[in-house]
Amino acid sequence: MDELALQFFPFPHVFKGKRRPGLLRDWPTRCQSCDKQCETSRARGLQLCSYGLNFQRVDADLLVAGLPVSDYPANTPARRKMLQQLRGQHVQTTDVAAAVDRAQETTEDLARALQASRNEVIANYQASKGYQRDVLEMIRPQLQQQLSQVHDYKQFVQQVLQNLDVLLEQRFPDLPLDEKVESASHEERAIYWAAMLMDEKLDAALMLQDPSRIHATSRRFNLHGLVLKYVRIYQRQLDAKNVRLYVSGTSGAELEGNPRAISIIPHALLDNAIKYAPERTTINVSFDHEPGIVTFRVDSWGPRIRADEQDRIFDPFYRGAAAIERVVEGTGVGLAQAQLVAKEIGSLITVEQDDVPGRENSFRTRFRITFSMANGQSGRRSRG
């Protein structure tokens, strides 16, 4: 019970040890010099003090007292005397019960309202860029320690890619890069895509360390092509797990921003889906256009995400209990990197999960994010 909620309470009462008058009745004169036996009682239900006045405890904080209840069953001499003295101030047991019930309802309503307000504040904070930055700041020493070798690894990967580019240029001088890669040997393609994957993961790690990199450059690029690139990169892993991946429709949507940063989002969502998908299941990737926006979804099977984990799975180094139990390798930074980028570009990744389990006790899980399209594009709905 909050003190504000008692401003219109009709009867005299004690709230957190402090005596207060009621809106309709004040304390009887006799109560000013009594031994406060009502305040020491913890019994519930309507009671009668030795001075002939009734009281009732609502909860640990609130006590209704000092009431001459005319239809109370006990009829002591002190009560008869008090009813005579306070003629015209009598109340009925139903009046007391109604006030107590209202006080209890008010307590519950207030608790619900306070919890709802608390949940709203937490949700707004977690959806803000400030939340992600605050979390990063708290774990910065741990982050720096675990990612301290990123620059060294990136230089090594860049050296691999540069040497491979030289070899492909010598063999296929007249072809664009994508065709050079497709024309290369199976081993060369494997090295190229593995190095590209590592290079982009390292880029994502650097942006987690320094979010200002997200806005380092800006240009227009095609979202659909970006997604298809990662489908090609992960095809070997998909084949190894016998997982089928379907892309719904084609999309001409162009986004404007840093493609290396924004690519972290589809990259992380596809990586997460493939990592946790049981064998012989499907992953569905889809685009949905509305005027000025395009929604990107990844729908797959994965471990149970408890309700209390659905926001925290986007925190750096946090991994859900079910994911840990399955002993799936992971650092817990992929989704954090993606959510950081999403918030920096004014969007948010959301997650939903069905309640009914499927193969290997996995659950259908949907990650969703909406992008703003580049200026001048009204968008058209994808064909499924």
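The values are calculated or read from the model by the stated rules, or taken from the named source; none is laboratory data. Remember, it's a predicted structure, so these values are computed and weren't measured experimentally. Positions of Cβ are generated from backbone atoms using ideal geometry, with glycine treated the same way; all protein chains shown enter the neighbour counts.
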**Prompt:** In region 308-327, is there at least one residue being at pLDDT 90 or above and in contact with a strand residue (DSSP E or B) (Cβ under 9 Å, 6 or more places away or on another chain)?
**Reply:** no
**Prompt:** Can you find a residue in region 38-46 that is over 16 Å from G22 (Cβ atoms), crowded, with 19+ Cβ neighbours inside 10 Å and among the small types (G, A, S)?
**Reply:** no
**Request:** Select from region 160-192 the residues that are of a type outside the set (D, E, K, R) and surrounded by 18 or more Cβ atoms within 10 Å (Cβ to Cβ) and list them in ascending order.
**Result:** L164, L168, V181, A184, Y192
**Message:** So for region 170-190 (the condition being in the same structural domain as L269 (by TED's automatic domain parsing), more than 27 Å from V298 (Cβ to Cβ), touching a residue at least 24 places away in the same chain (Cβ under 8 Å) and part of a helix (DSSP H, G or I)), does at least one residue qualify?
**Reply:** yes
**Item:** I283 vs. criteria under 28 Å from F156 (Cβ atoms), in contact with a strand residue (DSSP E or B) (Cβ under 7 Å, 6 or more places away or on another chain) and at pLDDT 90 or above
**Value:** no
**Asked** Quick one: which of R80, R20 is charged (D, E, K, R), surrounded by 12 or more Cβ atoms within 10 Å (Cβ to Cβ) and out of contact with any Lys or Arg (no Cβ under 6 Å at 6 or more places or on another chain)?
**Response** R20
**Prompt:** Which of (1) surrounded by fewer than 18 Cβ atoms within 10 Å (Cβ to Cβ); (2) within 21 Å of T370 (Cβ to Cβ); (3) over 26 Å from the mean Cα position of the chain (by Cα) does E254 not meet, given it meets every other one?
**Reply:** (1)
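Sort through Y230, Y234, Y276 and tell me the only one that's farther than 25 Å from L167 by Cα, modelled with pLDDT of 80 or more and aromatic (F, W, Y).
Within the list Y230, Y234, Y276, the selection yields Y276.
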**Criterion (among the hydroxyl-bearing types (S, T, Y) and free of Cβ contacts under 8 Å to residues at least 12 places away in the same chain) met by exactly one of T94, T76** = T94
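Residue by residue, here is whether (1) within 49 Å of the chain's Cα centre (by Cα); (2) closer than 23 Å to R102 by Cα; (3) basic (K, R) holds:
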| site | (1), (2), (3) |
| --- | --- |
| R19 | yes, yes, yes |
| R25 | yes, yes, yes |
| Q37 | no, no, no |
| G45 | yes, yes, no |
| F55 | yes, yes, no |
| V58 | yes, yes, no |
| L67 | no, yes, no |
| R79 | no, no, yes |
| Q89 | no, yes, no |
